[in-house]
1. So if I take the centroid of the Cα atoms in segment 92-109 and the same for segment 5-76, what is the distance between those two points in Å?
2. Where both residues lie in segment 5-114, what percent of DSSP beta bridges are antiparallel, nearest 5?
3. Rounded to the nearest 500, what is the chain's calculated 222 nm mean residue ellipticity when only DSSP H runs of at least 4 contribute -39500 (n - 2.57) each, over all residues?
4. Could you look at the chain and say what percent of its accessible area is carbon and sulfur, using a 1.4 Å probe and all protein chains?
5. Taking the Cα centroid of segment 177-215 and of segment 253-318, what is the distance between the two, rounded to the nearest whole Å?
6. At most 14 other Cβ atoms within 10 Å plus a DSSP loop assignment makes a site exposed; report the longest stretch of the chain without any exposed GluC sites (Glu not before Pro).
7. Quick one: give the max-minus-min coordinate of the C-alpha atoms of the chain along each principal axis, largest first, in Å.
8. Using θ = phi - 60° and the Karplus curve 6.51 cos²θ - 1.76 cosθ + 1.60, what whole-Hz ³J(HN,Hα) does each residue of segment 16-23 get, with Gly and Pro shown as x?
Amino acid sequence: MSEPRVLVVGHGLIGRQRAQAVLEHGATLAGTVDPVAPGRPDAPHFAAVADVPAGDYDAAIVALPHDVAVAAAHTILRGGRPVLIEKPLGLRAQQAQRLVAAAATLGAPSFVGYNYRFLPGIRAILDAAAQGRLGTLRTIDLLIGHGGHPGSADGWKLQPDRAGGGVVLDPGVHLLDLLLLLEPRLALEHAAATRGFWKTGIEEDVVLTFAHERLIATVRVSHVRWVNTLRVEVVGEDGYGIAEGRGGNYGDQTLRLGRRWAWAQPGAPGQRDTEERRDFGPGNASLTDEVGAVLARWRGAPPAPGPAPATFRQALAVTALVDAVYDRIGRA
Ligand SMILES: NC(=O)c1ccc[n+]([C@@H]2O[C@H](COP(=O)([O-])OP(=O)(O)OC[C@H]3O[C@@H](n4cnc5c(N)ncnc54)[C@H](O)[C@@H]3O)[C@@H](O)[C@H]2O)c1
């Protein structure tokens, strides 16, 4: 497709940002769809996808509550249009597989919104690891914590029947995506979860451990950690990368890249002084940058170097890992 006309389905927190990003990247916003939230003055708005004339859009962004996202994405794919669907790709691998099969029949690729790949600190660590600059990976620790707000339990995101689960599915899948990018052969070794603060039955504090050969990894996701936190630490035998923050109330995005025993170089006062340090500030352009990368592919560009939007196959692997975690900790 030369210049895609993009429909944004679900005009809530994320749909609004995606719609804005479509316009910022010079594409046409074919319209927004939401039975509750209003649209925007510069694009048509519909209450349901079925109300959108079939010839009016070429691709869609699906930003819906998890319980309705799969059916909506499937309908759009079966109608012949690729999608960017917000994470996760299905609540179970079986659902994800159905979407993979529907997407595979189309000429244009479909993607899943795993925008943490596009955070600049994380992106630098992924690059360093992929280029072998960290050496054989030995230790990965990924942590997201947030505290929500007094009304969090009233929204769909903490209701197991609507969200499909708790912190493993949201936001844990972002970390599982990063983990599999770093080492797709990692196997789940242990999973522990606690529940009880939010009273909806969801798992709200989770520890996962993974291993492959000499690599050990942990994933920590918590909804009872009262200061919003994102931390990514990746250590190889030759060096390490540490990214913190996500902008906004997760704190400035920072990056430290260091080399093993760099302190031993003549004149180096200490390990920390030898590190390459970056402060990317309080912003977070990852959702917008991801839309730019998706639009480039829909416009026909080949996969570009640098962070790439998550393919359906990659996202299916994440959902399969989610299934494995719930097999251990139980679903609410
Ligand atoms: N990548 C990220 O950083 C990130 C952050 C938050 C949420 N998300 C994901 O984005 C998706 C949406 O989350 P959100 O925070 O925008 O939720 P939200 O509740 O703010 O928005 C969802 C919108 O969908 C609308 N909706 C419900 N059913 C609909 C239907 N059948 N057709 C059209 N619209 C319908 C609702 O009225 C609501 O406005 C979820 O998959 C979530 O996991 C991603």
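The values are calculated or read from the model by the stated rules, or taken from the named source; none is laboratory data. The model shown is predicted, which means the values in this text are computed figures rather than measured ones. Heads up, the Cβs are rebuilt from the backbone with ideal geometry, glycines too, and the neighbour counts pull from every protein chain shown. Protein only, heavy atoms only, side chains kept; ligands, DNA and RNA dropped before computing areas. Shrake-Rupley method; radii C 1.70, N 1.55, O 1.52, S 1.80 Å.
1. Distance between centres, Cα-based: 20 Å.
2. 0 percent
3. Mean residue ellipticity, 222 nm, calculated: -8500 deg cm²/dmol.
4. Carbon and sulfur together cover 53 percent of it.
5. What the calculation gives is 22 Å, centre to centre.
6. 1-212
7. Projected onto the principal axes, the Cα atoms of the chain cover 68, 45, 36 Å.
8. 4, 5, 5, 4, 4, 5, 4, 5
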